[in-house]
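Step one of this worksheet: look at the structure below.
The values are calculated or read from the model by the stated rules, or taken from the named source; none is laboratory data. Just so it is clear, the structure is predicted and the values come from calculations on it, not from any experiment. Every residue, glycine among them, receives a Cβ derived from its backbone with ideal geometry; neighbour counts consider all protein chains shown. Accessible surface areas use protein heavy atoms only, side chains included; no ligands, DNA or RNA. Shrake-Rupley method; radii C 1.70, N 1.55, O 1.52, S 1.80 Å.
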Amino acid sequence: MQISEWSCAEVGQWLKTQGFEEYCYVLCDVHGVDGDVLLSLTEKDLRNPPLQLQKLADIKKLGKCLKQIQEKSKLEKKSALNHVIDKDGRKQMNGRFTARKKRKQYQYNNSPFDKDSISSDIEESDAQCIVDSDGTEYCETVIYKKNRILPEYKKLLVSFGYAFVVSWITAYTMVLVHERVPDKQKHPPLPDIFLDNIPLMPFAFKLAELCGLILASFWMIILVFHKHRAILLRRFFSIASTIFLLRSCTMFVTSLSVPGEHLQCTAMYNSAWQRISRATEIVLGMGMTLTGVHSCGDYMFSGHTAYLTLFNHLITEYTPLRMYYIHTVSWVLNLFGVFFVLAAHEHYSIDVLIAFYVTSRIFLYYHMLANTRSYWHSKRIRIWFPLLSYFECNVPGKIPNEYEWPLSTDNLRESFKLVKSKTG
């Protein structure tokens, strides 16, 4: 019989076993306290009217016994809901709940988006114990499932392919818009409130690229040691590719005049092969001046600002909040990099503003949808963001910032088991 079903007589018997026989009459005969009422009593009820017990020691001791029997009743109710009650020996710790992991069982589930999904659940069981005042120990094994995040290297390969294609589209578009740059004599630089008031710094563009390389180095270190590096790299390829695909469209449809008189934009290409060769140089040089890549016409919006902003958001997202010094340095490098882009008169102010806004919004929207799994509940989101739905369908939510050595023995053993399970 559960405690909540006790009669007044059984409550009185319990009081006697706990050493409070003198209160049987008051609680059971006068006030009719049964099992259900007993579970709702508190130390405050014992102090206040109508009970008003007078002995402080009895109030404290009886209050402690009430807490213990209430916890015992909770365990009984849980066990009635098909939980496993384990009365074998368990570790006792001052009569409080203790918990320890007993076992793990991996189960592979199918996803509604990917029938060959390799995401899995970890089934764990915790032993919860409580010790009654008479020394009896009540233990419960609660089994629950916790999502396990797997790397899904096939999707990483798809995201890399997406990035590879977009990089060539962007490079070839840069070659085309370079040929369409308006003549400086007929179309001088447009009025710009920042460029008109800040003198030209010829070396500033290289400093902006140096800021970007430092941020990229931070990002590479995070990728090496982050436990979920494959998912992070997949998200980087996906977000960066989407941003630069949009950039290719904007700079192709509208050609702006050069933002500075110092820019020389005279190169012309007479054949498709020359354009492809130039695009290859841009891809291999990653579009940076430090690698010898110089181009004009790729305005609206700034690619350098986009990468600076994206690296900054990635670093702050995938490092713990306690590493605030890294976040501060990341933001400083981002802002200084943007300033150097403008100081070099390589882009208009509107290029930088749009690049910062578009990059930050795409990053935040992507992570909001991925972390909240909104696409599960909206067909429209799955239609408009098919790659996001595909890449994130097996990620259970926000990625925890967990770190590990990339080539540890456990990682190699787990990877071997995963490959064996897929091939076997």
* What list of ³J(HN,Hα) values in whole Hz, one per residue of the stretch 313-328 in order, does the Karplus curve 6.51 cos²θ - 1.76 cosθ + 1.60 (θ = phi - 60°) give from phi, with Gly and Pro shown as x? -> 5, 5, 5, 6, 6, 10, 10, x, 4, 5, 8, 5, 5, 5, 5, 5
* **Accessible area (Å², per residue) of the stretch 190-262, counting only protein heavy atoms and a probe of 1.4 Å** => 46 Å²
* To do: Return the distance in nm (one decimal) between the two label points of a simple spin-label model at GLN54 and GLN274, each offset 7 Å from Cα along Cα→Cβ.
  => 11.1 nm
* Select from the stretch 143-248 those trypsin sites (Lys or Arg not before Pro) which occupy a DSSP coil region and have at most 14 other Cβ atoms within 10 Å, ordered by residue number. => ARG180, LYS186
* Structure fact -> Karplus-derived 3J(HN,Hα) from phi for the stretch 355-361 (6.51 cos²θ - 1.76 cosθ + 1.60, θ = phi - 60°), whole Hz, x at Gly and Pro, runs 4, 5, 5, 4, 5, 5, 5
* Gain in length, GLU402 to LYS206, computed as 0.36 nm per residue apart minus the alpha-carbon separation, to one decimal in nm? -> 67.1 nm
* Asked: Taking H as built 1.01 Å from N, whose amide H comes closer than 5 Å to the amide H of TYR403, not counting residues under 5 places away?
  -> LYS227
* Structure fact -> Listed by chain and number, the residues whose amide H is under 5 Å from that of ARG148, excluding neighbours fewer than 5 places away on the same chain and using placed H, are SER120, ASP121, ILE122
* **FRET efficiency for ILE214 and HIS377, using Cβ-Cβ distance with R0 set to 56 Å, rounded to 0.05** => 0.90
* 22 Å Cα-Cα threshold exceeded, pairs from LYS74/LYS398; LYS44/LYS77; LYS184/LYS206; LYS16/LYS77; LYS16/LYS67; LYS44/LYS64 -> LYS74/LYS398; LYS44/LYS77; LYS184/LYS206; LYS16/LYS77
